[in-house]
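I have placed the structure first, in the form of C-alpha cells, so that the comments after it can refer back to it.
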C-alpha cells in the first residue's frame with residue numbers, strides 16, 4: 001500500500017509557497033470552478049497572508065514558522081491545491097492519504113470536507129471547464145479543531161498512471177497543514193550531559209528518530225547516530241521542515257591511572273628529591289607511608305609501592321630507587337719511577353653511568369703510564385650527580401747523560417763552585433765530600449759519584465778545570481725554575497762587560513738545537529713554539545768575544561730546567 005505522506009509526494013512541502021501565490025510545482029490550477037489557493041504562515045502568534053487574517057486557531061505543531069494552505073469555497077469558486085507524486089498510481093494498489101486540516105468555520109458550526117481527485121497532469125480542468133481528473137472521494141468532515149485523518153483508497157483502471165493528487169473544498173473553507181512539517185515536528189538535537197568513559201568503552205550519540213533531518217556531525221558523519229570511543233568535543237547540527245537545531249557534548253575517555261614520571265627503577269643523587277605524582281580520573285592513592293596525596297617525595301633509597309584506584313580500575317605500581325653521589329677519586333700520592341717502569345693509574349668509580357676524561361685524552365677507567373718524561377696526570381670522573389677529579393705527579397728518574405761539563409774555564413783569582421744539587425740523591429766527590437757542591441781550590445781534574453735517591457741509577461762523571469785570564473768575568477747559572485714566582489724564572493748568562501758576536505744555542509738531551517738567542521739581554525724561559533718544555537737537563541753552547549777584536553770564546557755546559565709548583 002502506498003502512503004501519500006512527505007516521502008511519497010514529490011511536491012509536498014508547500015511551506016515554501018509565497019503568501020498568496022500559486023504552489024510553484026503545480027502550475028496554474030485554472031478553469032472553473034478551481035481557483036488559486038492561498039499560502040499562509042503562522043509566526044509570532046499570528047497567521048499571516050491574504051487569507052491568514054481570517055484564521056484564529058493556532059497550528060497543531062510548535063515550530064518557529066508554521067506553513068499551511070488556505071482552501072476557500074466561495075461564490076461558486078473553489079480554491080484547490082495539487083501535488084505531484086514521485087510515482088504514478090497503479091490500479092489495484094491501495095493508497096493511504098494522511099491529512100491534518102481544520103474547518104475555517106470560525107464563529108459557526110460549519111464543517112470542512114474537501115474532495116480528493118487524481119489526474120495525469122497539473123491541470124484538473126481544461127480551459128473549457130471540462131474535468132480531466134477522476135474523483136476519488138471526500139475526506140472526513142472536521143470542525144474547528146485540528147484533525148488528522150487517513151483516507152485509504154484503491155486506484156481503479158481509470159486512475160492507472162495518474163501522477164497528481166488534488167484537494168478541493170466542496171463546501172465551506174478550511175486550512176490544510178504542510179505535510180512535511182507534520183511529519184517532521186519540532187527538531188531538538190539535544191545530546192545530553194557530558195560523558196565520561198573508561199578506556200575501551202564507547203558511547204552511541206544521536207537518535208534514529210532524527211533520520212532525514214539533514215544532520216552533520218563534527219566528525220563528518222551524516223548518519224542519525226555515531227559511535228565515539230575517544231576523547232572529543234562533538235557537535236551536531238541539522239534541520240528538518242520545522243526548524244534547525246544543534247547540540248554538543250564533551251566525551252572524555254580516561255586512560256588508566258599512572259605514575260609520573262614513568263619509571264620502574266631509577267637513581268637519585270644524595271640530597272636530591274624525586275617527586276612522584278599520580279595521574280588519573282578521580283584517583284584514590286595509597287603510598288607506603290599511608291599518605292593519600294597525589295604527590296609523594298622520595299629522598300632515600302628503597303622500594304616504594306603505590307595503589308591507585310579510580311572510577312575505572314585499580315593499579316598497583318612499584319618503584320625501586322637507588323642512591324648515588326658525586327664520584328670521589330683517589331689516584332694516590334705523587335711518585336717516582338725508574339726508566340722503563342710503568343704505573344697503572346686507576347680512577348674506577350663504583351657508580352652508574354660514569355664517564356672518564358684523562359688529560360691524556362683517554363676515556364677508560366684506568367691508564368698505564370710509561371715513558372721517560374715526568375708529568376702530571378689528571379682525570380675528571382662524572383656521573384649524573386656531579387664531577388670528581390684528582391691528579392698525580394709521576395716523576396721519571398732518568399740516568400743523566402752528563403753530570404759535569406767536560407771542561408770548565410775559570411777566571412784567575414775568582415772562586416769557582418761545582419754544583420750538582422739539581423740531581424736528587426747522595427753525592428761523593430773525589431776527596432770524600434758528600435755535599436751537593438764542591439769549591440774548586442786549584443786547576444785539575446775533579447769527579448763526583450751520584451746515587452739516585454729513587455734507587456734508579458748511579459753515575460760517576462769527571463771534568464777538567466783550567467784557569468784563564470778574564471777581562472770580562474761571566475756567571476752562568478746551572479738551573480732555573482720557570483714557574484712565574486719572580487725567582488729564578490729564566491736562564492740568562494750574566495756578563496761584567498758588553499760581549500760582541502753573542503750567540504746562545506740551547507740543545508735537548510739528544511743534541512738537537514731547540515732555541516737560539518742572539519742578544520745578551522735575551523732570556524730563555526723554557527718555552528719553545530708556545531709549548532712549555534718538560535723538566536730535565538738541557539745543554540748550551542755560548543759563543544762570544546770580550547771585545548770587538550777579541551778572541552772567540554766558546555763555553556759548553558748544561559742547565560737544569562725544574563718544574564715546581566708555586567707556593
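What follows is calculated from the coordinates using simple rules that are stated; it is not laboratory data. This one's a predicted model, so the numbers in the text were calculated from it and none came from an experiment. Positions of Cβ are generated from backbone atoms using ideal geometry, with glycine treated the same way; all protein chains shown enter the neighbour counts.
Quick rundown of the values:
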| quantity | calculated |
| --- | --- |
| Enclosed volume per residue, in Å³, of the convex hull spanned by Cα atoms of region 226-318 | 124 Å³ |
| Antiparallel bridge percentage (DSSP; both residues within the chain; nearest 5) | 85 percent |
| More than 19 angstrom apart: percent of Cα pairs within region 407-561 | 60 percent |
| Extended-chain gain in nm, criterion 0.36 nm per residue less alpha-carbon gap, residue 58 and residue 416 | 114.9 nm |
| Relative contact order computed over region 229-327 (Cα-Cα under 8 Å; 6+ residues apart), in percent | 25 percent |
| From the coordinates shown, Cα extents along the principal axes in Å corresponds to which of (1) 82, 51, 50; (2) 64, 56, 38; (3) 169, 67, 43 | (3) |
| Relative packing of peptides 139-145, 353-359 - highest average C-beta neighbours within 10 Å first | 139-145, 353-359 |
| Equivalent ellipsoid, region 346-472 (semi-axes from 5 times Cα gyration tensor eigenvalues, Å) | 49, 15, 11 |
| Over region 164-295, relative contact order from alpha-carbon pairs under 8 Å, at least 6 apart, % | 22 percent |
| Cα-derived Rg to Rh of region 195-254, Kirkwood definition | 1.01 |
| The chain, relative contact order in percent, only Cα pairs under 8 angstrom and at least six apart counted | 8 percent |
| Computed helical MRE - 222 nm, the chain, DSSP H runs ≥ 4 contributing -39500 (n - 2.57), nearest 500 | 0 deg cm²/dmol |
| Distance from region 419-441 to region 512-552 (C-alpha centre basis), Å | 26 Å |
| Cα point-scatterer Debye curve for region 398-492, base-10 log of I(q)/I(0) at q = 0.21, 0.23, 0.24 Å⁻¹ | -1.13, -1.23, -1.27 |
